[in-house]
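One structure below.
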Amino acid sequence: MGDKRSPTRPKRQSKPSSDDAYWDCSVCTFRNSAEAFKCMMCDVRKGTSTRKPRPVSQLVAQQVTQQFASPTHPKKEKREKTDKEKNEKEPMLKRNNHKKMRNAAQKSVSAGKRGEEMMHLAVVACGTRQEEAVSLLKSAVILSQRAMRFHIFAEDQLQSHIKTALDSWPDFIRQKFSYAVHPVSFPSQHQREWSKLFKPCASQRLFLPMILTEVDSLLYVDTDVLFLRPVELLWELFTQFNSSQLAAMTPEHEEPRIAWYSRFARHPYYGTTGINSGVMLMNLTRMRRALFKNDMTAIGLHWEELLVPLLHKYKLNITWGDQDLINIIFHHNPEKLLVFPCHWNYRPDHCIYGSNCSPAEQEGVFVLHGNRGVFHSEKQPAFRAVYEAVRQYSFLEDLVNSFWLPLEEKLNETTHTYCGKISHLFTKTLSQTSRSTQRTTSPGHGNQA
């Protein structure tokens, strides 16, 4: 009996390694999928051997600069621009930016109490979210005493409604804040993808460091958020940042066994349960300067350099849009994130299957986040009761008798639901805050609109 194997039979080939699914660009070192004919970062063709590569951060910066650049001038004007003008432009811009930041700082001091920093709050409103946005801002000014600057990003058709609502508030309330309404804007390249990522305009928050260049620190909140404690208490968490941290958020869930990211995510995420970006403290200065580790290049990239490559790599694997991209970034840079307790971003997930936010049980709910549309449906009547109380409240009415006490009565009608059973946590500190606010702020302190 001879060897049954045919001498001409080909040898069994080894399984392809995971690296075969990618190829590294010889110029910028960006890792591309095997199907890509040319580098997604610098457009160099696959297999090209070239001269000494430029640093990838320079290549990406050029690409991002082109995306955010204003419409180009005619070529004739470009050619006429001299080297002297180019050299003089950069220091002039630096001087102008420094002057603007100095003026903004002076306005902050004069608008708030002496020696206090003005708080900057950003919100993005698209679709039918204008009323939510107004209610959010109303909840901020009802309980807070420090000066605030609202940065409202809204679609064109919503801007007049929001302006009219804010301008109609009484003078003693309007003295607490100023505001600016910005158009919703995305990089010209991939504009449609960014604007439709997860929910309309939700990914606008990713570009705030590049848009609000004169702002140092910022509190971003989704429109479906309501403050049940003064904003300044949340703002004080900035003082807890160490030298590396540049953002702060809450966990997406408190229990890993039932958390969404730990069960379903197809991409890297922060920690064991991921993070929720509906309430986000951002040190924009640090975010603009920092270099972020990533899984695409061997060197760190700036925030604005990360966004397009991340979208290209993970757009087929992300469910929650920009929040997923934020999770990916801080998965690779956990030292840059401060995680604060869940009662600063309390959502239906914290009570729908039983209470699982112990800080809220001990101290009460500080910020209520009505995600999944619960402010406008009967699924979670306790959440809707709080939203309706804020929406209907008139600044000229007594805060305790016209807001807090009627709200408690409404919440008592929701005890047939899990979240209704613990709805006393929603008003646990509201009584004290309402009385304190009413003593310091009343129609008698200013003119009425």
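The solvent-accessible area of K196, taken with every protein chain present and a 1.4 Å probe, is close to 130 Å². When nucleic acids and ligands are ignored and a 1.4 Å probe is applied, C25 ends up with an accessible area of around 10 Å². For the stretch 129-137, putting each phi into the Karplus relation 6.51 cos²θ - 1.76 cosθ + 1.60 with θ = phi - 60° gives couplings of 8, 5, 5, 4, 4, 5, 5, 4, 5 Hz, in residue order, rounded to whole numbers and with x for Gly and Pro. Amide hydrogen proximity for L396: with H placed 1.01 Å from N in the peptide plane, no residue at 5 or more positions away or on another chain lies under 5 Å.
The amide H of G278, built 1.01 Å from its N in the peptide plane, has no neighbour under 5 Å, considering only residues 5 or more places off or on other chains. Residues D222, D156, D324, sorted by accessible area with the largest first, give D156, D222, D324 [1.4 Å probe; ligands and nucleic acids excluded].
So, R0 is 60 Å and r is the distance between the beta-carbons of R45 and S178; what FRET efficiency does that work out to, to 0.05?
Details: r = 52 Å, r/R0 = 0.87.
My answer for the efficiency is 0.70.
In the stretch 144-278, the DSSP beta bridges split such that about 20 percent are antiparallel, to the nearest 5. Residue ranking by accessible heavy-atom surface, 1.4 Å probe, largest first, among Y314, Y270 comes out as Y270, Y314. Separation of the alpha carbons by more than 24 angstrom is noted, of K38/K313; K138/K163; K38/K199; K379/K421; K163/K428, for K38/K199; K163/K428. For R288, the accessible area of its heavy atoms, probed at 1.4 Å with every protein chain present, is near 60 square angstrom. Note on S160/S243: beta-carbon distance plugged into 1/(1 + (r/R0)^6) with R0 of 30 Å gives a FRET efficiency of 0.10.
Taking label points 7 Å from Cα along the Cα-to-Cβ direction, D171 and E214 give a separation of 2.6 nm.
The values are calculated or read from the model by the stated rules, or taken from the named source; none is laboratory data. Everything quoted here is computed from the prediction, not taken from an experiment. Here the Cβ is made from the backbone with ideal geometry for all residues, glycine too, and neighbour counts use every protein chain on show. Just so you know, the surface numbers come from the protein's heavy atoms only, side chains and all, with ligands and any DNA or RNA stripped out. Shrake-Rupley method; radii C 1.70, N 1.55, O 1.52, S 1.80 Å.
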